[in-house]
Amino acid sequence: MVLQSVRQAVREMHGYTPGEQPKQGRKIVKLNTNENPYPVPEVITEAVQECLAQGLRKYPEPSSWPVRNAAAKAYGLHEDQILIGNGSDDILTIILRTFINEGDVVTTAAPTYSLYGTLTQLQGGRYQPVPWGEDMSLPIDALVATKAKVTFVVRPNSPTGHAVPLKDVAELCQRTKGAVILDEAYADFCEDNGISLLTDHPNLVVTRTFSKSFSLAAMRIGLGFMSPELAAQMHKVRDSYNVDALAQAAAVAALDSLDAFAPYIARIKASREHLIEALRKRGFDVPPSHANFVLATIPQGKRTGTDWLNDLRKEGYLVRYFGNIPELAGKLRISVGSEEECEGLLAAIDRLLD
Ligand SMILES: *Cc1c(COP(=O)(O)O)cnc(C)c1O
């Protein structure tokens, strides 16, 4: 049987379960995977169309140099410090392929983004997440004690929405021998970010995605920021043409017009505060969020988390429920949609509570 030749690590793993992507044409408001409800500024679709008009015959720039150049300007870094990926998930894969041999430890504070476990298993590594500390603080001692080669910190974290103090991330970098990956998928919705920590911490990698704040999830674009020496190693690991030409065109246009995204990001942040307030009024327990989603504990009552998920789906609203994770029982992660989508969701909740 050919299946016996499949690597044991692959046979024994489950594979990642992405958030549900409903069939096209189905009328449902997607508030389950933290996509941006607003369109991209027109300059970006124009750049993609221009690229398409030039034809698709030739290979794209292998190292995504135009994107690195634009990102260097946008973020005040040098292009040698930047790695571009086919989504930030590609950057995460490259990181683990760069660092993790069979048996090496990867850690993080959990609950968090579950792809890290899947990617570690693929490398034959050992995934050893530790619980968040008191008041959701970064459990620095516990993380350091795992002696991990790679430690992930998601800031703001998903699905909790909280952001640990940057000085704790700096302390973790100082005390850990391995690499610290600061996953900043949601940083544009937060008040601050960790890019300036790169100067003093050569073991730090900061990752970003265009899927959330930039409304470009379909394009698959991610960024990694790190020391030039580390970036040179990772360029050897990535696929030689890992970002296609259309994605590169979109990424350059987006980085050249960051200001155009600011009003949309501001609207999402305002809607987030409104949504938190409105959910609290309806009996949900909702902590503050620094991302484009909220984590709401359902009110006491006969409806379970799974019931809420299914009943809201019937009402036309898809949210995320991580029922198999004990710490997240009874909590719904709800992406912040447009003003209209948030109002619609609240009306649906009112109907269910009636
Ligand atoms: C969405 C998300 C990603 C993945 O981003 P892509 O660029 O779409 O691959 C990575 N990390 C976290 C924490 C995320 O929430």
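The values are calculated or read from the model by the stated rules, or taken from the named source; none is laboratory data. It should be emphasised that the depicted structure is a prediction, and the values quoted were computed from it without experimental measurement. Please note: Cβ atoms are built from the backbone with ideal geometry, for glycine as well, and neighbour counts cover all protein chains shown. When the accessible area is computed, the model is the full protein with side chains, heavy atoms only, and any ligands, DNA or RNA have been set aside. Shrake-Rupley method; radii C 1.70, N 1.55, O 1.52, S 1.80 Å.
Within region 41-69, residues that are among the β-branched types (V, I, T) have Cβ atoms under 8 Å from residues that are outside any loop (DSSP other than H, G, I, E, B) and open to solvent by 70 Å² or more (accessible area, probe 1.4 Å) in these pairs: V43/D256, counting only partners at least 6 apart in sequence or on another chain. Looking across region 80-94 at every residue that is over 30 Å from E134 (Cα atoms) and open to solvent by 10 Å² or more (accessible area, probe 1.4 Å), the one that is farthest from the ligand (Cβ to nearest atom) is identified as D80. Go through the residues of region 154-174 one by one and say whether even a single one is closer than 30 Å to Q54 by Cβ, among the acidic types (D, E) and modelled with pLDDT of 95 or more. The answer is no, given that none of the residues of region 154-174 is closer than 30 Å to Q54 by Cβ, among the acidic types (D, E) and modelled with pLDDT of 95 or more.
Scanning region 1-27 for residues being under 27 Å from A270 (Cβ atoms) and either among the basic types (K, R) or in contact with a helix residue (DSSP H, G or I) (Cβ under 7 Å, 6 or more places away or on another chain) (or both) gives a total of 1.
Within region 17-51, the set of residues being away from the ligand (no atom under 16 Å from the Cβ), under 30 Å from Y116 (Cα atoms) and part of a loop (DSSP other than H, G, I, E, B) comprises P22, K23, Q24, I28, Y38, P39. Here R97 meets the list (1) assigned to a helix (DSSP H, G or I); (2) open to solvent by less than 70 Å² (accessible area, probe 1.4 Å); (3) farther than 13 Å from G224 by Cα almost entirely, failing just condition (2).
E35 passes every criterion in (1) touching a residue at least 24 places away in the same chain (Cβ under 8 Å); (2) over 18 Å from the mean Cα position of the chain (by Cα) apart from (2).
Close Cβ contacts (under 6 Å, 6 or more residues apart or on different chains) running from residues in region 71-95 that are touching a residue at least 40 places away in the same chain (Cβ under 8 Å) to residues that are outside any helix (DSSP H, G or I) and basic (K, R) comprise N86/R220; G87/R220; I94/R238. Checking the stated criteria, S5 turns out to be surrounded by fewer than 17 Cβ atoms within 10 Å (Cβ to Cβ) and among the small types (G, A, S).
If you check R238 against the conditions, is it under 25 Å from N157 (Cα atoms), within 16 Å of the ligand (Cβ to nearest atom) and among the basic types (K, R)? For R238, the condition - under 25 Å from N157 (Cα atoms), within 16 Å of the ligand (Cβ to nearest atom) and among the basic types (K, R) - is not met.
Scanning region 128-162 for residues that are of a type in the set (A, V, I, L, M) and away from the ligand (no atom under 16 Å from the Cβ) gives V130, I140, A142, L143, V144, A145, A148. Starting from residues that are touching a residue at least 24 places away in the same chain (Cβ under 8 Å) and in a helix (DSSP H, G or I), keep the ones in region 100-127 and report whichever is nearest to the ligand (Cβ to nearest atom). Among those that are touching a residue at least 24 places away in the same chain (Cβ under 8 Å) and in a helix (DSSP H, G or I), it is L115. Only residues that are β-branched (V, I, T) and either modelled with pLDDT of 95 or more or touching a Gly at 6+ places or on another chain (Cβ under 6 Å) (or both) were counted across region 316-330, and they come to 1. The single condition among (1) in contact with a Ser or Thr (Cβ under 9 Å, 6 or more places away or on another chain); (2) within 20 Å of F214 (Cα to Cα) that I95 does not meet is (2).
Of all the numbered requirements in (1) closer than 20 Å to N34 by Cα; (2) part of a helix (DSSP H, G or I); (3) touching a helix residue (DSSP H, G or I) at 6+ places or on another chain (Cβ under 8 Å), L255 misses one, and that requirement is (1). Here the condition is being of a type in the set (D, E) and open to solvent by less than 20 Å² (accessible area, probe 1.4 Å); of E134, E184, it holds for E184 alone.
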